[in-house]
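Contents: one structure, followed by commentary.
The values are calculated or read from the model by the stated rules, or taken from the named source; none is laboratory data. Keep in mind that what you see is a predicted model, and the values were worked out from it rather than measured. Every residue, glycine among them, receives a Cβ derived from its backbone with ideal geometry; neighbour counts consider all protein chains shown. Please note that ligands, DNA and RNA were not included when accessible areas were found on the heavy atoms of the full protein model with its side chains. Shrake-Rupley method; radii C 1.70, N 1.55, O 1.52, S 1.80 Å.
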Amino acid sequence: MNLFPYGKAALSMFGLAVLSAGWISLHPAPQKKATLTYWTFSKDHYDAYQKLIPDFEAQHPGVHVDLEIVNNNALAARLQAAFLSDLDVPDMTELEIGTAGTMFRGPVKDIGFIDLKPRLEQSGLYDRYVQSRFSPYTSRGGIYGLPQDVHPVQLVYNKEIFAKYGIDPDKIQTWDDFIAAGKKVTIPGKQYMIELSDSTTGSGGLETIMLQRGGSYFDPAGKCIIDSDVMVKSMEFYVPLVAGPNKIGGTTGDFYGATWSKSVEDGYVASMICPDWRTLFVQRGPTKMAGKMGIMPLPAAVPGGIRTSTWGGTMLGITKRCKDPDIAWQFAQFLYTDKARLAKNFQQTNILPPLKEAWSNPAFSAPNPYYGGAPLGAIYAKYAPSVPAQYTAPTIDTAKAKLGEALIDCVKYYNDSGDKGFDDFVRAKLKEKADDVRAFQARNPY
Amino acid sequence: MSTTLTKPSRPTEPASPGSRPTRAKSSSWFTAQHKLAPYVFVSPFVIMFSIFGIYPIIKSIMLAFYATNGPKSQVYVGFSNFNFMFHHHDFQIAVRNTIIYTLCSVFLQLPCALGLAILLNQKWLKGHSFLRLAFYSPNLMGTVYVGILFQQLFSIHYGLVNRVLASIIPGFSTDFKWLGDPANVMPALVLTSLWLYVGYNMVYFLAGLQAVDKELYEAAEVDGANPWQRFWAVTAPSIKPIATFVLVTSTIGSFQFFDLPYIMLGNGGGPNNAGLTIVMYLYQQGFITGDLGYASAVGWTLAIGVLAISLLQMKLTGSMKGND
Amino acid sequence: MSVQTVNTPPTASPIGRRASESMGKLIASLILIVAGVIALTPIVWLLAKTVQNKDDILSCLYFAPISHWTTENYQHLFVKTDFGHVLLNSIFVTDVTVITQLFFASLAGFGLAKYEFKGKKLVMGVMLATMMLPGQVTMAPLYDMLYHMHMVDRFQGLIIPSAVTVFGIFLFRQSILQVPDELLQAARIDGCSEFRIYWDIVMPISRPMIGAFCLMAFMGSWNNFLWPQILMHHDYYFTLPIALNQFNGMYSTAEGSMGILLAGTMLSVLPVMVLFVFLQKEFVAGLTAGAVKG
């Protein structure tokens, strides 16, 4: 009787199957030994927290924290899948501001995070934070995430280019001033005044601009307001910056990485919208620009208007699967309320914490040589309190996608027909997209 | 141990029942296991198939009328899934994209594949094996890896495609946006899948061509037919079964287009959903948002559409070519 | 086919004919060469890029000078990422899947080819009908089912549902039909049990088809993306396609990661190519067997 009749190919596969099965059984999936599993999507956070964890474990003997880094694209999907299937749900997780809303889809009882509002009020943290940062993580009265940041936005600019064209950043107060300066600097195809995208709304583009002007995807009650008057005006302001004959905004398509770094060094863009976290990317990427970059506040939308906006955000949530929410809460406080640690975090990541009293720590006013000695922390802290609020709903990802589509269509229209009929077009387009979002919201039976 | 096609040597003349006294097994066991054998052989498969093949199909018909929150909770919603689907802008875009892609696929890939097969079939050609391997190797790579590779090739500024085109075509800028521009997404996808699948279809056509009776060609040549006439009179009818097979499978495969656009467009539909396909839409709705019922509804719509089109194709090619 | 009276060939004189023939051959060869180059260029590019360091990778068009060639991408791949683990996962899942499929499909194919039994027509009819349905129809309920069976995000969830392949059954049935019945009869008379007939006679004869099937099944499982993406959540269980896709999204613009990504892609593609080189002939025969017969 043949031992194995299927031939050499099948035999080798059989052999490999046995060998790999053996290996895998010798290396089983790591069991959850940790007291707390913590998911993050940012390598910077991961590196920074790894350094801090030993301190926490020393203070709380027997507690073991397991940090896991998950791809940002996948984190929301994985978290959602984990919530829905009750498998491998972490105890604590970070979540990006743009996707947090999707976790609020089902009935309140199905929300995978615990409501932190009681703890926030009890500890007094609620008042000590920049208030507007709670709104993206709020649903039906409950607060499900601890904001980790404020992310005020400034303009980082190339000092040499500005000097070459005689542009004094102190003289630029409003966007009109900025646009006038931009016309001098912009050489289409070679040099643009500011890095702005004509196809994506995030990445410091339309979203940041619209927030500065009071625009928003949703109102505090969660209703979609993409087609509101403010939004129409924001779109009408933004599109001519990136399309048409007078555009001053350009981009290579990437906002970090090797191609982007090179474009900054080559002077392809003279200024960039920079939240605090991005200043680190700028330091690390276009390294040849060290000492040659300056920071200026965002031009105001109207004279006397706010000189900042916001881009990005991360929340920390404690899931309902966590067996010991108290220790999780303590860890959260350890990371985000201890002033010394927040200062250390700032030194590593340039990120301003939402805890206002922490900003007085000298680390924040330390001069940053890359930006010509500017006190990075103090500058961003100055504008932090006026950062606009962002409201969310379970359909936030749909809303973002729809606004992106609207932007592309409006850009195309403007490139083809200019100002003629532009207002009507923008209004109609935004209404169309808002209706799409509303139809989606109506579908939600929960 | 030999692996060839030769049969094991064994006398094939039937022996009379009584002439071999060394039959060890009793005859009743023998006939019993002979009768039971087919059931025993086929039943493991049938059981597994019923559980993992048939049951899900039936369940999905049911699920299509529910809205779910993942596998946890379900709410009966009747036809509202289908109602929403057909009015949903994104679904319409997905259908449009998928149809455009399928048409491009069929009308570009198949003629190219046939053409290459004909060229490869020429008697005077040397390096036949090597060329066949060369054309087929893209298909060996697998859609995911081709997606990753071509995403790099189509990237702005540093990608190979732009750099080569810029050196050949005067005035072509290396900043030409392929995957970032809604208008160029579909061409990029069509080109990539052309590269990927031409070899695969070519192999089928080649097999069909090689099966054509040489005598028919000789007779045609004797009759004075030129190559073009020979093609239509001899080749085309002979490869009709294979051509139909390739046509139907290409169409069905094109409708299920997911991996390439998903990977190349960064796990999404791309700018303005220019690369959104029906299956991608299904995936996003069902497994990211979590509504398994809606996903089933989309799945069935796709299935019915594909079935209808395949049947139509088979009928058309059957009746058209039947008028020889 | 009608035979007409012999006419003089309508083409030009023999010399002109030969010239246009060589012209035709030249054009044909050119087309083939260009097509071949287009087909192979991306693959060769991939190979070339995996041995370039991070500066050359962006600046060089195609090949870097040989002195610059480096294995650092492959080294980083295994050291900085858990590629080795994921590779092993893929090897495990794919090989087990192929063997399982092989066993079930060949056994059932044999049963359907060489036996008559009650319900045979029904079974074949149902299987044929389901072949027409695209797989996406069953994804949602299958996920739901596996969730309740606790097989989500586990290897079993990948392997067990894919043990049934209707395509495989028909392939084997087709090929086993070719086996002469006399062979089986003779074996029965010699006292062989039915299973031994399958094991000792039919299978060894069918080795070419088995080879083809192994390659096809291997390719299908090794490159499978959508279903593992849906099913697997924890990166311990990831297979190569999912892990590479995630790496692509996560790190694609970071320093030095393009090299790692391409190296990983190269290694993922290699096994199938190697297998193909060994199983070329059987593969082509098996691929077209299903088609030519209709």
Looking only at residues that are outside any loop (DSSP other than H, G, I, E, B) and within 8 Å of chain B (Cβ to nearest Cβ) in the stretch C:163-186, which one is nearest to A:Ala82 (Cα to Cα)? C:Ala163
Find the residue count for the stretch B:243-286, including only residues that are more than 9 Å from chain C (Cβ to nearest Cβ), within 13 Å of the chain's Cα centre (by Cα) and open to solvent by less than 20 Å² (accessible area, probe 1.4 Å). 5
Filter result (open to solvent by 30 Å² or more (accessible area, probe 1.4 Å) and within 12 Å of chain C (Cβ to nearest Cβ)) within the stretch B:306-324: B:Leu307, B:Ala308, B:Ile309, B:Leu311, B:Met314, B:Gly318, B:Asp324
Could you tell me which numbered condition B:Met186 fails, if it satisfies all but one of (1) open to solvent by 10 Å² or more (accessible area, probe 1.4 Å); (2) under 26 Å from B:Arg132 (Cβ atoms); (3) at pLDDT 90 or above? (2)
Scanning the stretch C:147-188 residue by residue, those in contact with a Leu (Cβ under 6 Å, 6 or more places away or on another chain) and of a type in the set (Gly, Ala, Ser) turn out to be C:Gly157
Note on the stretch A:102-123: residues of a type outside the set (A, V, I, L, M, F, W, C), within 14 Å of chain B (Cβ to nearest Cβ) and assigned to a helix (DSSP H, G or I) are A:Thr102, A:Lys109, A:Asp110
Please go through the stretch A:391-402 and pick out each residue that is closer than 15 Å to A:Thr201 by Cα and either buried (at least 24 other Cβ atoms within 10 Å of the Cβ) or of a type in the set (S, T, N, Q) (or both). A:Ile396, A:Thr398, A:Ala399, A:Lys402
In the stretch A:98-118, the residues that are under 12 Å from A:Gly317 (Cβ atoms) and either over 22 Å from the mean Cα position of the chain (by Cα) or not small (Gly, Ala, Ser) (or both): A:Thr99, A:Met103, A:Phe104, A:Ile111, A:Phe113, A:Ile114, A:Asp115, A:Leu116
So for the stretch A:391-401 (the condition being outside any helix (DSSP H, G or I), under 30 Å from A:Glu357 (Cα atoms) and not polar (S, T, N, Q)), does at least one residue qualify? yes
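Each row is one residue, and each column tells you yes or no for (1) open to solvent by 50 Å² or more (accessible area, probe 1.4 Å); (2) β-branched (Val, Ile, Thr); (3) more than 11 Å from chain A (Cβ to nearest Cβ); (4) at negative phi.
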site	(1), (2), (3), (4)
B:Phe45	no, no, yes, yes
B:Met62	yes, no, yes, yes
B:Ala67	no, no, no, yes
B:Asp90	no, no, no, yes
Take the conditions within 12 Å of another protein chain (Cβ to nearest Cβ) and either of a type in the set (D, E, K, R) or closer than 14 Å to A:Ala328 by Cβ (or both) and apply them to A:Thr99. Does it pass? no
Is it true that some residue in the stretch C:78-85 is of a type in the set (Phe, Trp, Tyr), open to solvent by less than 30 Å² (accessible area, probe 1.4 Å) and either within 29 Å of the chain's Cα centre (by Cα) or within 12 Å of chain A (Cβ to nearest Cβ) (or both)? yes
Cβ pairs under 7 Å, 6+ apart or interchain, first in the stretch A:1-22 and at the interface with chain C (Cβ under 7 Å from one of its Cβ atoms), second in a helix (DSSP H, G or I) and among the basic types (Lys, Arg), ordered by first then second residue, are A:Met1/C:Arg196; A:Gly7/C:Arg207
Yes or no: the stretch C:23-33 includes at least one residue that is touching a residue at least 12 places away in the same chain (Cβ under 8 Å), closer than 30 Å to B:Val198 by Cα and either within 13 Å of chain B (Cβ to nearest Cβ) or loosely packed, with under 12 Cβ neighbours inside 10 Å (or both). no
Among the residues that make up the stretch A:30-45, is at least one of them within 30 Å of A:Asp324 (Cα to Cα), in a helix (DSSP H, G or I) and open to solvent by less than 80 Å² (accessible area, probe 1.4 Å)? yes
If the Cβ limit is 6 Å and pairs must be 6+ apart or interchain, which residue in the stretch A:142-161 that is free of Cβ contacts under 8 Å to residues at least 24 places away in the same chain pairs with which residue that is open to solvent by 10 Å² or more (accessible area, probe 1.4 Å) and in a strand (DSSP E or B)? none
Out of (1) under 21 Å from A:Gln131 (Cα atoms); (2) open to solvent by 50 Å² or more (accessible area, probe 1.4 Å), the odd one out for A:Ala343 is which? (2)
Sort through B:Ser173, B:Ser167, B:Ser137 and tell me the only one that's of a type in the set (Gly, Ala, Ser), at the interface with another protein chain (Cβ under 8 Å from one of its Cβ atoms) and either farther than 23 Å from A:Ala258 by Cα or open to solvent by 30 Å² or more (accessible area, probe 1.4 Å) (or both). B:Ser137
For B:Phe150, which of the numbered conditions (1) modelled with pLDDT of 85 or more; (2) over 24 Å from B:Leu103 (Cα atoms); (3) open to solvent by less than 30 Å² (accessible area, probe 1.4 Å) fails to hold? (2)
Note on the stretch C:169-182: residues surrounded by 17 or more Cβ atoms within 10 Å (Cβ to Cβ) and touching a Ser or Thr at 6+ places or on another chain (Cβ under 8 Å) are C:Phe172, C:Ser175, C:Ile176, C:Val179
Test: residue in the stretch C:184-195 that is surrounded by 21 or more Cβ atoms within 10 Å (Cβ to Cβ), modelled with pLDDT under 85 and over 30 Å from B:Ser155 (Cα atoms): yes
Condition set at the interface with another protein chain (Cβ under 10 Å from one of its Cβ atoms) and of a type outside the set (Gly, Ala, Ser), scope the stretch B:92-124, selection nearest to B:Leu196 (Cα to Cα): answer is B:Cys112
If C:Met145 satisfies every condition in (1) of a type in the set (A, V, I, L, M, F, W, C); (2) under 30 Å from B:Asp291 (Cβ atoms); (3) in contact (Cβ under 8 Å) with a residue 24 or more places away in the chain but one, which is the exception? (3)
Within the stretch A:295-302, is there a residue that is touching a Gly at 6+ places or on another chain (Cβ under 8 Å) and not charged (D, E, K, R)? no
Candidates B:Tyr197, B:Tyr217 - the one that is modelled with pLDDT of 90 or more, open to solvent by 10 Å² or more (accessible area, probe 1.4 Å) and hydroxyl-bearing (Ser, Thr, Tyr): B:Tyr197
Charged (D, E, K, R) and in contact with a strand residue (DSSP E or B) (Cβ under 6 Å, 6 or more places away or on another chain): does that describe A:Arg140? no
Residue by residue through the stretch C:120-154, note down the ones that are of a type in the set (Phe, Trp, Tyr) and open to solvent by 20 Å² or more (accessible area, probe 1.4 Å). C:Tyr147
